[in-house]
Every structure is written in structure tokens, then in C-alpha cells.
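Notes follow once the structure below has been shown.
We did not get these values from a lab; they are worked out from the coordinates using the rules stated. All of these numbers come straight from a predicted model, not from anything done at the bench. Glycine also receives a Cβ, built like all others from the backbone with ideal geometry; neighbour counts cover every protein chain displayed.
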Amino acid sequence: MKIVELRGITKHFPNIVANDRINFDLQEGEIHALLGENGAGKTTLMNILYGLYQPDGGEIRIKGKQVFIDSPKKAISLGIGMVHQHFTLVPSFSVLENIMLGLPRQAFSKPSKLREELQKLSQGYGLRVEPNAKVWQLSVGEMQRVEIMKLLYRDVDVLILDEPTAVLTPQEAESLFKTLKRLANTGKSIVFISHKLHEVMEIADRITVLRRGKVVNTVNKSETNIEKLAEMMVGRKIVLRVKRQRRRPSENVVLKLKGVRCHNDKGLPALKGISLEVKEGEILGIAGVAGNGQRELAEVVTGLRHTEEGKIWLSGKDITNRGSKVLIDLGGGYIPADRLRFGVAPNLNISENLILKNYRKPPMSHGISLNRQEISSFTDRLIKEYDIMVSDKSMPVKLLSGGNLQRVIIARELQGETKLIVAFNPTRGLDVSATEFVYNRLIESAKQGAAILLIAGDLEEIFTLSDRVAVLYEGEIMGYVPPEERYLREIGLLMAGVRDATIKT
Amino acid sequence: MLRLKLEPREKSSTLFELYVIITSVLLAVVAMSIVLIIEGKDPFYAYKMMVLWAFTNPIGLQGTLIKFTPLAIIGLGLVVAFRMKLWNIGGEGQFYLGAIGSTYIALYLMPDAPAYILIPVAIIVGSLAGAMWGAIPGILKAFIGADEIVVTLMLNYIGILWSDYLVYGPWKNPKGFNFPMTAILGENAFLPILWGNVHIGVIFPIAIAIVLWWILKRSRWGYELKVIGDNPDVARYAGMNVKKMIVVVMMISGLMGGFAGSVQILGLQHRLQHGFSPGYGYTAIIVAWLSRLNPFTTILVAFLMGGLFVGTEILQILMKLPISATYIFQGLLFVSVLIGEIFIRYRIKAVRISAHGGVRDDRRYPNSSS
């Protein structure tokens, strides 16, 4: 039986059509994956079903009846619940209190009854959570379980999960998958949003592929495979893997950290004594679940964050707490994770963004004045060399697509003589062709002798590019693992903070 | 049911902006006509007199230019700050500080110095006093993150009240029949007159605008200002000193306010007195904003704004309109120009909500299901 039917759903945002006449249906008791690249419109579509957005066109039917969902409250009353990537829990409340929040008043009078019911739910579905624990003490995986429990307690029939594994270790993901299967067996329907092919093949019964806001196809898992899905997702046959010839790196250490400690934005310890070395021509991958000190590591190395203790050397020179100008002068480059926030001045044009690192020096400027001819020819050269698609050079760069914006940043960071590149999730939100471009550029730079510190959440990215992999957990390096698929389990354990898993390389 | 939605525009053409601004002004004129007709006055005659008086009559034009000078100088200073998204609304206080500084030099410190020394020193000291008034919010913003809007606003009151203290107290002219004003400055402190009572100060804004345009558009410093204004995080990565820039820019902005105050005292007022500014520092905010932060349009807008002040003054005299009619007209103009800004920044879209609740955009998707 069809629980949910979406017909011709259309949603516009400024400049883009996020959903273009989408048809989608969900059967009772199935796990239906919504697969697509970042920006394909998956989350938008489900936010419409959950009542967060109103569609510009189309209709929604629940159990055959047309409905108008104008809020998540309405959605939940219709039996639809959604777990977003960012959780909506109150950290200082207990698990029980978080689940009670928003329930009618009667629920508050009998917390013991509620606790009993929760116990039953959590045993029935394998969702282990301690009801009295405060949410701030929980791991990310546990918080996710609380979110799911919250919805199950409200008796939803349809559970939408937005990229639920993005924040989990492989082990946690596995336990989530078990729970989801159990839920489906008891007749709940699940929408699983993801861009990871392996995952989708493992968990889903049916798969709907979205590309650029349109449905490419809906297929049964038994009738498809990873290659076919990848092709649908990106619209052409692609080689999923960029081949990297691993070479013996030279002995010259370019970047060296010794006992580095720093704080996060809240003033709490984020890095707790990191020591590492990256050699000339080497790519060191830093794996780990997001939020374990990745951003802070990128920022202390690039001079954007204060180092509390320890030392950082670049090409033998002490650059600890000397700011990013020193790093730039010594040939350092930074590809940040959040492009619009840390990579560009979004309202300035492409030239103004490209000269950011060399505007002080001739030939870009003479004395106090900027050399406009030189800047213009420099811009044209980089646009050509890095294949940046830009129709109007005077328009603000925020209007460029993610892939083109990343090309602008890479062009700026990699031109000239590069000694060190700090790349932090360099392909986040990019389509496959832009990802390939980034990979090839990084590999090319390494070949020319640059040391690359690759900090990434995506293990496939780490495996594809790195010579060595270090796993970051709670601000410490847990150990090193060779970048090979067969060490996936060890990496998973290290990511979860189990130290013994280190492999001798 | 029809619902209106605003969508930000990516880019709008200069021609379209001009069209919107002209339409807004015309609409304000039409609205004001209704007020005039209710009052039993002929709107056509009123507008004709306003324009003729403010821009063609020698006396009126002199008045326009005199009002233009401080509006333009303060406005240009604000353009610098606004470009870095520093919302300096302390132009009025900085203007007063400049006036106090110059008066002190010309009246008390070196009243007998020859003009070629006295005038430059008075102007420099006045400007520096304004710069100091800009530096305070700049330093507070850069080092402890204090909101510059609040600090500059508060400093306006302090500046104005300080000036009042001086003219009511220690600096009051002993032979001034107890009026709250200082004695008149010596003639060695007067700026040269160009025409009627238009002093040489009228040239300053034009010179400043040219220099400022070059700095903002062509210099390294202007580039840094632009990057910091747009994204301080990226500016920091590029090695720019964001804190220093905040202080420097606030000082420059204040310096211009102080300079304008100096010029006003030495060129026109020739003495410090209670309430000598009809709110130039506040009107300059509107001037800078309407000019879209371009130095040359700032000059143009300041001139038109000066004309508006003078033109509405003549209405009071000729048509026996109360002064509140002037305020109504100015208010209508500002409101309609600001509403016009919405059309420049956003595109308005009509969306129809269909009977059973689904929302659809009829204009673009006539065939989508309903």
C-alpha cells in the first residue's frame, strides 16, 4: 500500500529550481533511498513532505488522501517524522525530558509510564538509550537514537532520515542499519537520504535517484548495481576513482607539528597535543568523524587560530602564531571546507578574489596602486588554466556554482610555487566532475613536491588520495593506517577512539 | 488568493535603478500634491517655485551650496565607513567636535595668528577632534567588539552636549546678551568667500570625492577595505590587519565629520552656538545611503538634498505653509525613495494559493498540476 505519494512537486529558490515536477511514492514497510549529489534536491523534497517548505506546485497524498502540510506539527499528526542532520535536542535536558518536550500536558503527569514505554520501544527496535542521561553527555550516535525515539514515541508511520550516517562511525552506522531494518519489518516506512552508493545498496529496498532537482529513475535494489546508480546520479559514466601512483616520498619534512594544543571557538580544548610530519610530495590524510578537531587543526596550521602550546614549522621555519601572512609568504595554501565563509569574499568579483594572496606584490600592485592591466591578464590566465566557467567577470563570485567557486579558490591557492596545501573537505558539495578536477589538481601539486595535509570526513576521498592516513579523535591522533580498503575496520575503531587498532606500516 | 513574495535580485542595471529612483521621487511629489491641495494651495506653483528658488535664484542657489558643503563632506566620510560595513551614525557628534576644535584654536589658542597659519591649524585640529570621536567607537569595536552603531549614537549626544556646555558656560560671549554662543571669530579665521556668502569650502567635497574615488577603486588600501567589508575571515587569511583597519576607517570617517564642522565654523558660522547644525550629520547618512556609496553620486545627492532644504524653506515664506509641511514633504521623499530601494534589491513575485492549499506560481508553470 502506498503510504505517501508526491505528484509533480515543484519548488523554486532564487536562481534555481530545487525540485522540478517530482513524483515519488513510499510503500508500507519499505526502506526507500533518496539518492543524489549534494544539491540535487533530496532534502528540499523531504522538507516539503515534513511541512518545512511549501511547494510552488504539485500535491501530496497520504494514504490516498490529498493533504496540505503547512508545518512539522501537521506532518507528525499525519504520521510523518524527520530526523535532520542537525539535531533538535536540548543539551541540558535528559533523554526523557527531550522526548516529553512538546507532548500534550497529560504526558508530564506520569513520567514513570513514559519511561516504561520508552524502555519497551528501545528494546523492541534495538535503540539503546539511557532515559535519564543528559543529552550533552551522549555521543552523536546516541543523540540520533534519541531523535528517532522522539518520533517513534509520537507514533509516526513514516521516518525520514537526512544523511544519517554522515556523523557516525562505521560501527555506529551498522547498528543504525540494523534498527532501520527492524523498523521496516514492523511496518514502518523509511526514507533514507544519502549520496553514498555503498550505503544505499546495503540498506534500501527501492532507490529513487535525483539529479538537478529532477527524478532520474526509481529502481528496485535487486535490479541495479553501484555502477548503474553512479551513472544515474551524475548523468554520465564516470570513473569513480582517480588513480594515484604512490611514490616513496622524499625525506624532506615540509610541515611539522609538535605537541600542538589549541582551543575551539567555545574556549574548550580542541587539539590535545598533536604531533605530525608531512614530507615533500606526500599527502597525509586526516580521517575522523566531524567535530573531533579537524577545523581547529586546519586553522592552527594556516595561522587563523591561536596555538596555545607546541610548535609548528613550515620548511624549517617556526610559524607558530605568526599569522597567515607568513604562511602565504612561505608558499602555503589553504582550501577551506566552508567556501563562502572562509574561501572567498562572496560579493566581490572573480579578479578581486583571485588576487587575494598576491595583491601586495608587484606586478599586481606598484606602491599603493593596483595594476589593473596585470590583474586583468592574471585573471584571464587563471580562468583559462583552471577552466573556470564565468560568463561575466564583474559579477559577484557567490553566483558561481560550487564547482566553479572551488576552481577559483584552487586557482588562487595553487598558483605559484606551492610548498604546503591544507585541504579541508575540499570536495564537499561538489559534483563528480568537479571532484575529479580537485583530486587531479591535488595529485599534480604533490607530484611537483607540495606537502598536502588532507583533512576529510569522506573515507573514500582519504583512501583515493593519501599516502598515509592518521585518524583524529577528540583532538588526538589515535594512530596511522595504510590507505587500503581492507583496513576499514581498523579505521572505524580508531575513529571511535579505540587505540589498539593501529597497524604498523 | 494572491500572495506577494520578495526574491533578492542578483544584479540590477544602473538604468533600472535610475528609473526606480525617479519614479519614487515622482510618487512623493504626487503624494505631497494631495497635501497641498487639501491645504488649498496650487501644487504646480509650489513645485515650480521650489525648483526655481533652490537652483536658479542666486540667493536660493547660494543657500543650496551652503547646505551642500557639510552634507557632502560628512556623507563622503560615511561612505568610507559604510563600505566596510561599519555603521557610523555619529556624523553629527563628529561634526560638533570639529566645530569645537576649530573654535578653540581660532578664539582661544592663537586668535592673533595670521590667516595662513590660523586657518590650516584650526582645520587640522578640528579634523583631528572629529577623528578622535571616530577612533573611540573604532577601538571599542575592534578590541572588545562593542557595537559601533550604539557607541557612535551615544557619542553624538556627548558631543552636542559638550558644545552646549561650552556655549552656555565658559565660552559664552560676555557681550552676547546671554545668548548661548561664543564671541565672533577674528576675520583672520574666516575662509575666503567665492560668491555671495558661499565660501571656498564648497570646493572641498569635489576634491575629496575625486581622491576618494581613486583610493576606493584603484588603491591597495581600497581593495583591502572592500575585502574586509565583505568577509573579514577571508581578509584575515590574506594577512590583512582587520582590527587596525576598523580603527583607521572609523578615524577617517570621523576626520571628515570633524573637517566639515571646521569648515562650517570658519566659512559660515564664524562662532560656535547652540544648535548650529540642523542635523547635517543625520541627513548625511541618508545622503550616503542614497548615493549607493559612490563618491560622485554622493556629491550629486548632497546637492539635491541641499536644494530640497532650501526649496521647502521658500514654500514657508511664499505660500505661508507651516514648517511642518516641509517636514511632511521631506518625510514623503525619504520614505518613497527607501521603498524604491526594495524594488532595486528585490524582485516581487505574485504567487497564487490554490483552493485546497497547494501554492503555485501561475506565471511560470501554467501547466503544472494543481
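Helices of chain A meeting both criteria, an alpha-carbon length of 15 angstrom or more along the long axis and an average Kyte-Doolittle score not below 0.5, with helices taken as full DSSP H segments, do not occur. Each stretch of four or more DSSP H residues adds -39500 (n - 2.57); spread over every residue of chain B, this sum gives -22500 deg cm²/dmol at 222 nm. Specify the inter-centroid distance of the stretch B:27-100 and the stretch A:260-276, based on alpha-carbon positions, in whole Å. Answer, in whole Å: 56. Here the residues A:HIS195, A:HIS306, ranked from fewest to most Cβ neighbours within 10 Å of their Cβ, fall in the order A:HIS306, A:HIS195. Counting every other Cβ atom within 10 Å of each residue's Cβ, B:LYS172, A:LYS447 order from fewest to most as A:LYS447, B:LYS172.
The coefficient of translational diffusion for the stretch A:2-234, derived via Stokes-Einstein from the alpha carbon Kirkwood radius under 25 °C and 0.890 mPa s, stands at 135 µm²/s. The Cα-based radius of gyration of chain B, divided by its Kirkwood radius, gives an Rg/Rh of 1.04. Computing FRET efficiency as 1/(1 + (r/R0)^6) for A:THR218 and A:ARG341, where r is the C-beta to C-beta distance and R0 is 25 Å, gives about 0.10.
Loop-located GluC sites (Glu not before Pro) in the stretch A:408-505 (DSSP state not H, G, I, E or B) with no more than 14 neighbouring Cβ atoms inside 10 Å: A:GLU417, A:GLU484.
The slack in the chain from A:PHE13 to A:TYR487, taken as 0.36 nm per residue of separation less the alpha-carbon distance, amounts to 166.4 nm. Only helices enter the 222 nm calculation for chain A: every DSSP H run of n ≥ 4 contributes -39,500 (n - 2.57), and dividing by all residues gives -9500 deg cm²/dmol, rounded to 500.
Over the stretch A:6-128, Cα pairs under 8 Å with separation of 6+ residues give a relative contact order of 18 percent.
Between B:TYR108 and B:ILE203, how many nm apart are label points set 7 Å from Cα along the C-beta direction? Between B:TYR108 and B:ILE203, the simple spin-label model gives 3.2 nm. Remark: the A:ASP380-A:SER275 segment gains 33.7 nm on full extension, using 0.36 nm per residue and subtracting the alpha carbon distance.
Between B:ILE193 and B:ILE323, the C-beta separation translates, for a Förster distance of 51 Å, into a calculated FRET efficiency of about 0.95. For the stretch B:64-120, trypsin sites (Lys or Arg not before Pro) meeting the loop criterion (DSSP other than H, G, I, E, B) and having at most 16 other Cβ atoms within 10 Å: B:LYS85. Stokes-Einstein, applied to the Kirkwood radius of chain A over Cα pairs at a viscosity of 0.692 mPa s and 37 °C, places its translational diffusion at 133 µm² s⁻¹. Pairs with C-alpha atoms separated by more than 24 Å, drawn from the list A:LYS11/A:LYS73; B:LYS67/B:LYS175; A:LYS279/A:LYS311; A:LYS150/A:LYS188; A:LYS11/A:LYS188; A:LYS65/A:LYS188, are B:LYS67/B:LYS175; A:LYS11/A:LYS188.
For GluC sites (Glu not before Pro), the sites in the stretch A:248-329 that DSSP calls loop and that have at most 12 other Cβ atoms within 10 Å are A:GLU251.
Distance from the alpha carbon centroid of the stretch A:373-396 to that of the stretch A:409-430 works out to 17 angstrom. Of the DSSP H helices in chain B, those that are both long (alpha-carbon extent of 27 Å or more along the helix axis) and hydrophobic (Kyte-Doolittle mean at least 0.0) are B:14-38, B:58-83, B:115-144, B:148-168, B:242-264, B:295-319, B:323-345.
Taken over the stretch A:346-416, the ratio of Cα radius of gyration to 2.2 N^0.38 Å equals 1.04. Starting from a Cα-only point model with no solvent, please compute log10 I(q)/I(0) by Debye for the protein assembly as shown at q = 0.06 1/Å. These q points yield log10 I(q)/I(0) values of -0.56.
With a Förster radius of 35 Å applied to the beta-carbon distance between B:VAL51 and A:SER391, the computed FRET efficiency rounds to 0.20.
Taking 0.36 nm per residue of sequence separation and removing the Cα-Cα distance, the B:LEU15/B:PHE177 pair yields an extension gain of 52.7 nm. Inter-label distance, B:ILE158 to B:VAL30: 4.8 nm, where each label sits 7 Å from its Cα along the C-beta direction. Put a dot 7 Å past the Cα of A:GLN54, heading toward its Cβ, do the same for A:ARG372, and the two dots end up 4.8 nm apart.
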